[in-house]
Amino acid sequence: MPNRRNLPKRLWIIRAVIVMHDAVDQWLAAGAGGDVACDRRIETPISQVYLFADRALKRKKPVDFGFLDFTTLEKRHWASERELRLNRITAPDVYRALHAIVADGDSFALAPFEAQGALDYVLEMRRFDETSVLSECPERVDDALAETIGREIARFHGRALQGRAGGGAAGTDYVLRSNADQMRALTTDLGAESVERLVARSDAELARQTPLLNARLQAGLVRECHGDLHLGNILLENGGAVLFDRIEFNDRLIEIDVLYDLAFLLMDLSFRARRGPANRALNGWLDEAARIQDAGLLYRGLAALPLFLSVRAGVRCHVSGHNGQPDAARAYLAAAEQHLQRQPARLLAFGGLSGSGKSTLARVVAPALGAAPGAVILRSDEVRKRLFGRAALEPLPPEAYSAEADEQIHAALFNAAQIVLEAGCSVVLDATFRDPARRAQAMALHASARGFWLDAPAEVLRARVGARTCDASDADLQVLERQLALARPVGDWVLIDAAAPLAAQAASVML
């Protein structure tokens, strides 16, 4: 073996770093100074995680991949501090503390993070049940949970600091160039023609969306986001979702458009054939975000969603390929191209008295309309709550249901529908539509518009309204009785038997 005198200085330094790194690795695996060794060790391209009974220690590798550089102690110090700060925002109960690793005789010891003489650093986390990470149990992501997650992400985005580094057309182009380079290195598995076709279509779509992306950057819709928001980084605990493992090492990957951040979750759910939950997540996010941001800006941004979904699938493509999963890589490549194949926007409107099941049917039909993850649902009850500054489940005062307020609500509803349709997305309108003039307005919004009137016997409506809980609608039995007294036959929309099985109703709509 060559001795120190025969090695160039740089190679000697590299060799010394490797020897020290391996020695610390063995010490951490043996228990980090404790009596019990770790029971599992996880290796990723950029870190090592040591799992103990009640905690985990995460250590960054001294690697440089271009988009991240952990090769010096100072850079690992900076990245470790950022990882703790960022993840304590979304997962404060998971991320505990930072420690320095220092020499202790012929061994090592954990010391305060800013201790002098640090050899490396570790992040201490609470150990959690890995089987509760949503990538391990995607079937647990039902529609209700997906909406909860979507709303929580919107609130997180609303609190996040504004940024610029990865926003606008330049930010998207940065990721597209990275995707292209990484996929071109995998052409043996992916096929050069398929890769180049996706690259060309992605570039063309970016050119079309450049003005929109730059406008969203200027409007403040680029925030300090999660950056890696797929199911593998969402933990289900105590009935709620915990967002963890945020990107910390590159501002261009974290200071991004909020819709691009959400797109990773939507793509992941759609890829796993969970399009219903993906649709609920999108609609929950939109409704919640519209309480914080200008609704028009949010809805116009949907024109960029196909590109965002495609870019996210491209990321998973090359990650899968480099992890030795060629079948998954090819599937993600196909998904990335599929997301860029736009489908014509459609407009469906559901009307009916309270309790007729409009919202339930809308949620069943919306995922199947247009491209993944489906149609945007615009519900008058939710629009009303937003315009009066109330939470989705918070009751409104009587004046919120005046004729003047009703005019305002429907104007906002139809304006939102017009913006979403112009963005190329399908729309489902959900309102009572008892007024023929309102029905005519809805049908005039788009050439594809179709209206459906849900009808059921009075006793069915009464039973449903009486049993309703946790719903944005404030309609009670008194409201329903007034509607029944004023009800008139509706002959201009397709009649749906709202007492029939839901699948039969949906089949009638999708004919």
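The values are calculated or read from the model by the stated rules, or taken from the named source; none is laboratory data. Computed from a predicted structure; not experimentally measured. Cβ coordinates were reconstructed from backbone atoms using ideal geometry, including for glycine residues, and neighbour counts include every protein chain displayed.
I'm trying to understand the selection: among the residues of the range 26-47, which are touching a strand residue (DSSP E or B) at 6+ places or on another chain (Cβ under 7 Å) and without any contact (Cβ under 8 Å) to a residue 24 or more places away in the chain?
Ala29, Cys38, Asp39, Arg40, Arg41, Ile42, Ser47
Output the residue which, of all residues in the range 425-437 that are out of contact with any Asp or Glu (no Cβ under 9 Å at 6 or more places or on another chain) and surrounded by 17 or more Cβ atoms within 10 Å (Cβ to Cβ), is nearest to Gln483 (Cα to Cα).
Per the stated criteria, the residue is Thr432.
Against the condition crowded, with 24+ Cβ neighbours inside 10 Å, assigned by TED's automatic domain parsing to the domain that holds Leu253, in contact with a His (Cβ under 8 Å, 6 or more places away or on another chain) and hydrophobic (A, V, I, L, M, F, W, C), how does Ala281 come out, does it pass?
Answer is no for this residue.
Considering every residue within the range 461-471, establish whether at least one is in contact (Cβ under 8 Å) with a residue 24 or more places away in the chain, hydrophobic (A, V, I, L, M, F, W, C) and closer than 16 Å to Arg363 by Cα.
Scanning the range 461-471 turns up at least one residue that is in contact (Cβ under 8 Å) with a residue 24 or more places away in the chain, hydrophobic (A, V, I, L, M, F, W, C) and closer than 16 Å to Arg363 by Cα.
Right, Ala154: farther than 26 Å from Val133 by Cα, modelled with pLDDT of 95 or more and either crowded, with 16+ Cβ neighbours inside 10 Å or of a type outside the set (D, E, K, R) (or both) or not?
Values: farther than 26 Å from Val133 by Cα: no; modelled with pLDDT of 95 or more: yes; either crowded, with 16+ Cβ neighbours inside 10 Å or of a type outside the set (D, E, K, R) (or both): yes.
Taking the combined requirement at face value, the residue does not satisfy it.
Please specify each residue of the range 139-171 satisfying the condition of being outside any helix (DSSP H, G or I) and either in contact with a Leu (Cβ under 7 Å, 6 or more places away or on another chain) or not assigned by TED's automatic domain parsing to the domain that holds Gly232 (or both).
Val141, Arg164, Gly166, Gly167
Considering only the range 390-408, how many residues are in contact with a Lys or Arg (Cβ under 8 Å, 6 or more places away or on another chain) and closer than 20 Å to Asp294 by Cα?
3
Failed condition for Arg164, given (1) out of contact with any strand residue (DSSP E or B) (no Cβ under 9 Å at 6 or more places or on another chain); (2) basic (Lys, Arg); (3) touching a residue at least 12 places away in the same chain (Cβ under 8 Å), with all others met?
(1)
When both residues are 6+ apart or on different chains and their Cβ atoms are under 6 Å apart, which pairs have a first residue that lies in the range 91-119 and is free of Cβ contacts under 8 Å to residues at least 24 places away in the same chain and surrounded by 12 or more Cβ atoms within 10 Å (Cβ to Cβ), and a second that is in a loop (DSSP other than H, G, I, E, B) and aromatic (Phe, Trp, Tyr)?
Sorted first by the residue in the range 91-119, then by its partner, the pairs are Ala100/Phe113.
Tell me which residues, restricted to the range 482-499, are modelled with pLDDT of 80 or more and surrounded by 15 or more Cβ atoms within 10 Å (Cβ to Cβ).
Matches in the range 482-499: Val490, Trp493, Ile496, Ala498, Ala499.
Just for helices (runs of 4 or more DSSP H) wholly inside the range 450-511: which have at least 3 residues that are over 27 Å from Arg386 (Cβ atoms) and not small (Gly, Ala, Ser)?
So the answer is 458-467.
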